[in-house]
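Structure record follows, encoded as structure tokens.
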Amino acid sequence: MIGENIRGSSKIYAVTKRLLENQGDRPNANIYICEDEKNVKYILKHFYSKTPVSFIGYSKHNHYGRRRDGSHRVFNEIQKKNTQYPFLLKHIERIKHKNKWLIILEYIEGSTLSEFVKINHFKDFKKVNSAIEQFGLELKNWHSSEFAHGDPHLDNVMISNKNDDNYIIKLIDYGQLHHPDFHYCKKVNCYKDKNKRINEDLKNTNNKLGNGFLKGLIDLENALNIPNQLSSIFKKAYY
């Protein structure tokens, strides 16, 4: 893919770099950086399957799909929500290239939240405090808007420095994004049936995924030997 030019609906995207190379083969998609003719960067997801599908199956506590964000119907649903909810990663377009599907996504210049904390916790904990607080408020905004991220861990949280005290926080990887309006959530009834509910709101103790982000912060605290310094800030902001 690197070096290829991908023709979109109104732009040509030049593929410049593969991301996450050090994490080995991904199960369903490769991820690249690409640029348009004006050198604006985007994320490109290249799906292995010829036809990413929107519904594969579900378990008691979660329904899941094989890269649902690549299916036509789900892509359109997420793209439609982009205009209403700026906290969602923008979905630009979906392209068929050499008999495989690609999706073009908004590019965020920054790092994962876990990387940010590891780099800054000794140098400038005030920065870390501010970032964790803003993450708690952003997740609260997600949940109050009835969105849920089905894979809640800190490497699915991107942080970009806007200025010294203000950050852009976005959740990424929408293979298991949920909202009551989405057709697969209606099909599985995940918001109305407590046994299937996906919403990882920390107050929902019935859900096995409920403490995913909080657990990630606690694990990070333990690894860095800074007990309660992250989770307490997050809880105060979220609650």
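The values are calculated or read from the model by the stated rules, or taken from the named source; none is laboratory data. Since this is a predicted model, take the numbers as computed values, not measurements. Don't worry about glycine lacking a Cβ; one is built from the backbone with ideal geometry, like all the others, and counts go over all protein chains shown.
Numbers for the structure displayed
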{"read-out": "Residue within the stretch 129-141 that is closer than 24 Å to Asn76 by Cβ and in a helix (DSSP H, G or I) present", "value": "yes"}
{"read-out": "Selected residue (criterion: modelled with the highest pLDDT) from residues of the stretch 184-211 that are under 20 Å from the mean Cα position of the chain (by Cα) and part of a helix (DSSP H, G or I)", "value": "Cys185"}
{"read-out": "Residue identified as surrounded by fewer than 18 Cβ atoms within 10 Å (Cβ to Cβ), modelled with pLDDT of 85 or more and closer than 27 Å to Ser71 by Cβ among Asp181, Asp219", "value": "Asp181"}
{"read-out": "Residue in the stretch 84-94 that is in a loop (DSSP other than H, G, I, E, B) and touching a strand residue (DSSP E or B) at 6+ places or on another chain (Cβ under 6 Å) present", "value": "yes"}
{"read-out": "Filter result for Leu214 (over 18 Å from Leu88 (Cα atoms), at pLDDT 75 or above, buried (at least 19 other Cβ atoms within 10 Å of the Cβ) and not assigned by the TED database to the domain that holds Ile78)", "value": "yes"}
{"read-out": "Complete set of residues in the stretch 56-87 that are among the hydrophobic types (A, V, I, L, M, F, W, C) and either surrounded by 19 or more Cβ atoms within 10 Å (Cβ to Cβ) or at pLDDT below 85 (or both)", "value": "Ile56, Val74, Phe75, Ile78"}
